[in-house]
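Following: one structure in structure tokens, then a few remarks.
The values are calculated or read from the model by the stated rules, or taken from the named source; none is laboratory data. Keep in mind it's a predicted model, so treat the numbers as computed, not measured. As a convention, Cβ positions derive from the backbone with ideal geometry for all residues, glycine included, and neighbour counts pool all protein chains shown. Ligands, DNA and RNA are excluded from the accessible area calculation, which covers all protein heavy atoms including side chains. Shrake-Rupley method; radii C 1.70, N 1.55, O 1.52, S 1.80 Å.
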Amino acid sequence: MKEIRMVDLKGQYDKIKPEIDKAIQEVIETTTFINGPAVRDFQSDLEKYLDVKHVIPCANGTDALQVAMMGLDLKPGDEIITTSFTFIATAEVIALLGLTPVLVDVDEKTFNIDPEAIRKAITPKTRAIVPVHIFGQCADMEKIEKIAKEHNLYVIEDTCQAIGADYIFSDGTRKKAGTIGDVSGMSFFPSKNLGCYGDGGAIFTNDDKLAQQMRIVVNHGMVVRYYHDYVGVNSRLDSIQAAVLKVKLQYLDEYIKARQDAADYYDAAFANHPKLVTPFRDPKSTHVFHQYTLVTKDLDRDELQKFLTTKNIPAMVYYPVPMHMQKAYQDPRYKEGDFPVTEKLSKSVISLPMHTEMDEEQLKFITSSILEFANR
Ligand SMILES: *Cc1c(COP(=O)(O)O)cnc(C)c1O
């Protein structure tokens, strides 16, 4: 059996090696390392794929979120509502900009931000909501957009885990994750569903004015060369990464299908198991399975992880510590017990190997090993 990995980037590369190597070589031969044609080409291909007006490439997903908030001109003291169950970057950029993160709990089934909890957290200082499409399935965007309109709030989607997912509105309309709110941040970190060979990111928006402002922000706040009207940042997607992404974007739908097939296999193996809850499939969204995450019940999650390690099966806990329990984010407003769903999930979730190169032999071994532990 092939070695089981959480993510198999080498197996994926081997299948498209000639195309990738050629694309990288072209950037080197033309020495167009920064803002070269590869960046523009990838940008326009991604705009078409997502059906969004503006893709603004940048250096990573964390920067993408930060630039979005800078572009919206959010000011210190403004309250930004986000989820307590996410990767740290979401809250980090809010804190770095001197904004006030307001955490709310998630829905038990989808692990996504709970719209009713958002409603309760709104104050006169609230300016924006940051839903995170966690593990590859969209947050309840229709409800979130409705709340945002009622209270005149911006919606900043954290799409880092969900590129390619479709959100399905109640009238049947479909939109790609990251194209629904005012603006959205995306990461091309290698292990993400559309990953480059280093760091990379992008911001998506349909708003012309905001796009123009964010293009200024990512380029040192520069409007005319060497005239800086704003305090900006330096955040670029380099041409070699863009060249890799342009090739891989052509395969994104295939990659999503491979992940969904692996997820279907897992689902079938664990169906109706009393100790293993398979991921909820929300009818309002397709699921692109950045992670395949089980919730364990009456079972020692950490022992299961150790048991799998002895069988050379990697498994990860995303995320073991809720945002409000992180040392750097201690806040007198929050204490243990405030976000019961998040706290319960952080103690009971486990994510299984999930990538585009999973084969049946591996899936069979992983599922039978988990069942062996759960059934004993
Ligand atoms: C990966 C990720 C980020 C950060 O992306 P980087 O490219 O690593 O900066 C932000 N939010 C979420 C939910 C992520 O998964």
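General remarks:
- Subset of the stretch 256-266 [open to solvent by less than 30 Å² (accessible area, probe 1.4 Å) and over 18 Å from A162 (Cβ atoms)]: Y266
- None of T82, T86, T32 is out of contact with any Cys (no Cβ under 9 Å at 6 or more places or on another chain), at pLDDT below 95 and within 30 Å of D253 (Cβ to Cβ) except T86.
- For the stretch 146-176, the candidate set comprises residues that are of a type in the set (G, A, S) and outside any helix (DSSP H, G or I); within that set, the residue that is nearest to N60 (Cα to Cα) is A162.
- Look at the stretch 47-72: where a residue is near the ligand (Cβ under 9 Å from one of its atoms) and open to solvent by less than 20 Å² (accessible area, probe 1.4 Å) and a partner is of a type in the set (V, I, T) and at pLDDT below 95, sitting 6+ places away or on another chain with Cβ atoms under 7 Å, you get L65/T90.
- Against the numbered list (1) under 23 Å from K175 (Cβ atoms); (2) under 21 Å from the mean Cα position of the chain (by Cα), E116 comes up short only at (2).
- Test result for G221, within 14 Å of the ligand (Cβ to nearest atom) and in contact with a Phe, Trp or Tyr (Cβ under 9 Å, 6 or more places away or on another chain): no
- Flag if D78 is charged (D, E, K, R), within 16 Å of the ligand (Cβ to nearest atom) and open to solvent by less than 50 Å² (accessible area, probe 1.4 Å): no
- No other residue among F111, F87 is within 16 Å of the ligand (Cβ to nearest atom) and open to solvent by less than 20 Å² (accessible area, probe 1.4 Å) apart from F111.
- Condition check for I122: open to solvent by 10 Å² or more (accessible area, probe 1.4 Å) and assigned by TED's automatic domain parsing to the domain that holds I147: yes
- Residues that are touching an Asp or Glu at 6+ places or on another chain (Cβ under 9 Å) and aromatic (F, W, Y) within the stretch 329-376 comprise Y329, F339, F373, listed in sequence order.
- Meets criteria (more than 18 Å from the chain's Cα centre (by Cα) and either free of Cβ contacts under 8 Å to residues at least 12 places away in the same chain or open to solvent by less than 10 Å² (accessible area, probe 1.4 Å) (or both)) for K335: yes
- Restricting the stretch 168-178 to residues that are in contact with a strand residue (DSSP E or B) (Cβ under 8 Å, 6 or more places away or on another chain) and open to solvent by 10 Å² or more (accessible area, probe 1.4 Å), the residue that is nearest to the ligand (Cβ to nearest atom): K176
- For the stretch 194-208, the criterion of being open to solvent by 10 Å² or more (accessible area, probe 1.4 Å), of a type in the set (A, V, I, L, M, F, W, C) and either farther than 17 Å from D253 by Cβ or under 14 Å from the mean Cα position of the chain (by Cα) (or both) is met by none of the residues.
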